[in-house]
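Just so you know, all these numbers are worked out from the coordinates, no wet-lab data involved. Values in this document were obtained by computation on a predicted structure and should not be read as measured data. For neighbour counting, all protein chains shown are included, and Cβ atoms are generated from backbone atoms with ideal geometry for every residue, glycine included.
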Amino acid sequence: MKVAIVDYGAGNIESVRNALFAAGAEPVIARDPETVLAADRLVLPGVGAAGAAAERLAVSGLRDALEDAVRRRGRPMLGICLGMELLAERLLEFGEHRGLGWLPGDVVHLRDAGVAQARVPHMGWNLVEPQGAAARFFQGPERMRTFYFCHSYTLVTPAGAAVAARATYEKPLVAAVLDGTVFATQFHPEKSQINGQNLIRAFLDWAP
């Protein structure tokens, strides 16, 4: 099984690659559309500003390749942090930018979403509460469902569309989404030690 990490210049590649190795995969780095299209599974990581990341995806041809591989061919994809935020229609960070548009809704600042009034970014370990079919990614007791977060923006989606899990900072926020062959997390499984490795293994075993 060929697992490709999409590298569009948004960082965090090495820690994601190490986490995939620890979970039993042998990932490759995808910097071009051909490598994306040849992969059996994809990981879309990322940290940093959403608008610049969306532009890099578009100009590199990786955006179109992801559309083809995931939305048309049905390849499973794991999005991580910024990789989850990019799924939205609009990214309201330093202006307004177009996301991939795979999920309805906007990515907004935690304060604008009413999730936080004081400390931003949201940084640290939080309990994640899965719902519905997403429970398969979060096996084990409560202590196995804590994950590391580091973000200042959050997905706001109408009527909870595709929401797979929530966590609570000052107020509840979207911690994960599940839509077709896409599973994505706001938290960082690659920084979440054994809990993150278990989640990554569940993604590798997933047959949507």
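With θ taken as phi - 60° and the Karplus curve 6.51 cos²θ - 1.76 cosθ + 1.60 applied, the whole-hertz 3J(HN,Hα) list for region 184-193 is 9, 10, 6, 7, 10, x, 5, 10, 10, 6 Hz, x standing for glycine and proline.
With neighbour counts taken as other beta-carbon atoms within 10 Å, the residues Ser152, Ser60, Ser192 rank, fewest first, as Ser152, Ser60, Ser192. Dipole orientation for region 3-205: of the candidates Asn195, Ala161, Gly180, Asn195 has the Cα lying most toward the positive pole (charges on Cβ; Lys, Arg +1; Asp, Glu -1).
Charges were assigned to the Cβ only: +1 to each Lys and Arg, -1 to each Asp and Glu. The resulting dipole of the chain about its Cα centre is roughly 400 debye. Of the chymotrypsin sites (Phe, Trp or Tyr not before Pro) in region 8-113, the ones in a loop by DSSP (not H, G, I, E or B) with at most 15 other beta carbons within 10 Å are Phe94.
A simple spin-label model places the labels of Val47 and Val28 2.7 nm from each other, with each point 7 Å out along Cα-to-Cβ. What full-extension length gain, to one decimal in nm, is calculated for Leu127 and Trp206 as 0.36 nm per residue of separation minus the Cα-Cα distance? Value of the extension gain: 26.2 nm. A full extension of the chain between Ser152 and Ser15 corresponds to an added length of 47.3 nm, given 0.36 nm per residue minus the alpha carbon distance.
For Ala30, the amide hydrogen comes within under 5 Å of the amide hydrogens of Ile5, Val6, Asp7, counting only partners 5 or more places away or on other chains and with H modelled in the peptide plane.
Neighbours of Pro158, meaning other residues whose beta-carbon lies under 14 angstrom from its beta-carbon, give a summed charge of -2 when Lys and Arg score +1 and Asp and Glu score -1.
Shape call for region 1-50 from the C-alpha gyration tensor, a ≥ b ≥ c root eigenvalues: rounded (a/c under 1.5), prolate (a/b greater than b/c) or oblate? Oblate, because a/c is 1.5 or more while a/b does not exceed b/c.
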